[in-house]
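Structure first, commentary second.
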Amino acid sequence: MNSVVHAADLPYREIRRTGVHLTTLGFGAAPIAGLYRAVDETTARATIDAAWEGGIRYFDTAPHYGLGLSEGRLGEALRDRPRDDVVVSSKVGRLLIPRTPPTARDDELFEVPGDLTRRRDYSRDGVLRSLDATLQRTGLNHVDVLYIHDPDDYWREAVEDTVPALVELREAGVVGAIGVGMNQSAMPTRFIQHTDVDVVMIAGRYTLLEQGAADDLLPTALEHGRSVVAAAVFNSGLLAHEQVPDTATYNYQQASPDVLERARLLASACREYGTTLPAAALQFPLRHPAVASVVVGMRSPKEVHHNLAAHAEHIPDELWADLEHRGLLRPVL
């Protein structure tokens, strides 16, 4: 599925026990599909190209993102790249079906026409239909990692139907690794404890600002020899800038005064040690041995270059020690 010969400059880490290797910085492909505001096709392509040129070789998408637009744009941009040099992950759990009548705009955060709608389906048939549609939209012959997408209210269906279907696909060599992607840490911990998933994508719960996943998910992943991909490490924008604005959002809502104050304390400490808040936010999750990659959503070449620079910036060990001493950061282990 994924060559172990790495030509790019970014480091790689393996999803444990799978042979699938991820660059430590991954490309989140939701923004190029019009998350919150439209992105034109030229900009989307330039963004993916900038990521490739910068050495990023892990790209994450989903049917949910822009009603398939993310998968289509990503597949088109990667189609002529060496397939063995790239890892693509997508997700199952939401089938896209025609909306009758169509609406002018999608009703779930994406600035795209509402000619399709999402239907939750975690059945074996739903998994196979979803994967087949993903391959058609991307034009790729396989995806390397397949996640169950947001099964918060579908634990039983996911455990009894979705995971066994994914295991079949993995054992048949159709996908290289299987996992679950969620915005909480408790249920992904249970997936590791009770199912045969390889990897968990956790959004927003192991970041410079909050480390709740350190209580359950991360130690469980280490204990069972599984891997974690950290997403939403900027906590929906709060940690994305050197200076924290009053209008900063946290968990996709206006940040409270207490949260703003904590973020500004983190930013101030970063400046004291000659680095920036975005650099520390991007690099912090990678300090944990269970974390294989950090996935960041990017919507422009400028954002790609910003994230590559933050990933490469030197952060002194003294910063981490000082943040722990001040009680602003929990020890990694």
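A few comments on the model shown:
- Test for Arg94: is it farther than 17 Å from Leu308 by Cα, among the charged types (D, E, K, R) and buried (at least 19 other Cβ atoms within 10 Å of the Cβ): yes
- Selection within the range 124-134 - of a type in the set (A, V, I, L, M, F, W, C) and farther than 9 Å from Ser90 by Cβ: Val127, Leu128, Ala133
- Here the range 167-213 is the region considered, the condition is being of a type in the set (Asp, Glu) and farther than 25 Å from Glu261 by Cα, and the residue that is surrounded by the fewest Cβ atoms within 10 Å (Cβ to Cβ) is Glu171.
- Any hit, the range 290-303, residues being in contact with a Cys (Cβ under 8 Å, 6 or more places away or on another chain) and either not in a helix (DSSP H, G or I) or not hydrophobic (A, V, I, L, M, F, W, C) (or both): no
- Residue within the range 23-34 that is touching a Leu at 6+ places or on another chain (Cβ under 7 Å), buried (at least 22 other Cβ atoms within 10 Å of the Cβ) and assigned to a loop (DSSP other than H, G, I, E, B) present: yes
- Pairs are defined by a Cβ separation below 9 Å, a sequence spacing of at least 6 or placement on different chains, a first member in the range 316-327 that is in contact (Cβ under 8 Å) with a residue 12 or more places away in the chain, and a second member that is exposed (fewer than 12 other Cβ atoms within 10 Å of the Cβ) and assigned to a helix (DSSP H, G or I); the pairs so defined are Leu319/Glu272; Asp322/Glu272.
- Residues within the range 248-275 that are in a loop (DSSP other than H, G, I, E, B), surrounded by fewer than 19 Cβ atoms within 10 Å (Cβ to Cβ) and either under 24 Å from the mean Cα position of the chain (by Cα) or among the basic types (Lys, Arg) (or both), tallied: 2
- In the range 289-313, of all residues being in contact with a helix residue (DSSP H, G or I) (Cβ under 6 Å, 6 or more places away or on another chain) and surrounded by fewer than 19 Cβ atoms within 10 Å (Cβ to Cβ), the one that is farthest from Phe27 (Cα to Cα) corresponds to Glu313.
- Out of Arg156, Arg205, Arg190, sole residue that is in contact (Cβ under 8 Å) with a residue 12 or more places away in the chain, more than 19 Å from Leu333 (Cβ to Cβ) and of a type in the set (Lys, Arg): Arg190
- Hits in the range 97-141 (condition: loosely packed, with under 15 Cβ neighbours inside 10 Å, under 19 Å from Ala38 (Cβ atoms) and among the basic types (Lys, Arg)): Arg105
- The residues listed here are Val244, Val233; of these, the one that is among the β-branched types (Val, Ile, Thr), within 29 Å of Arg271 (Cβ to Cβ), in a loop (DSSP other than H, G, I, E, B) and in contact with a Ser or Thr (Cβ under 6 Å, 6 or more places away or on another chain) is Val233.
- Residue within the range 313-327 that is assigned to a helix (DSSP H, G or I), closer than 14 Å to Leu208 by Cα and of a type in the set (Asp, Glu) present: yes
- Among the residues of this structure, Asn307 does not count as one that is among the polar types (S, T, N, Q), on the phi > 0 side of the Ramachandran plot and touching a residue at least 40 places away in the same chain (Cβ under 8 Å).
- Conditions (1) closer than 30 Å to His224 by Cα; (2) in contact with a Ser or Thr (Cβ under 8 Å, 6 or more places away or on another chain): number failed by Glu303: (1)
- Restricting Ala255, Ala279, Ala267 to residues that are of a type in the set (A, V, I, L, M), in contact with a helix residue (DSSP H, G or I) (Cβ under 8 Å, 6 or more places away or on another chain) and under 21 Å from Leu10 (Cα atoms) narrows the list to Ala279.
Where a number appears in this text, it was derived from the coordinates with a stated rule and is not lab data. Because the structure is predicted, anything quoted here is derived from the model rather than measured. All Cβ positions, glycine included, derive from the backbone under ideal geometry; neighbour counts span all protein chains shown.
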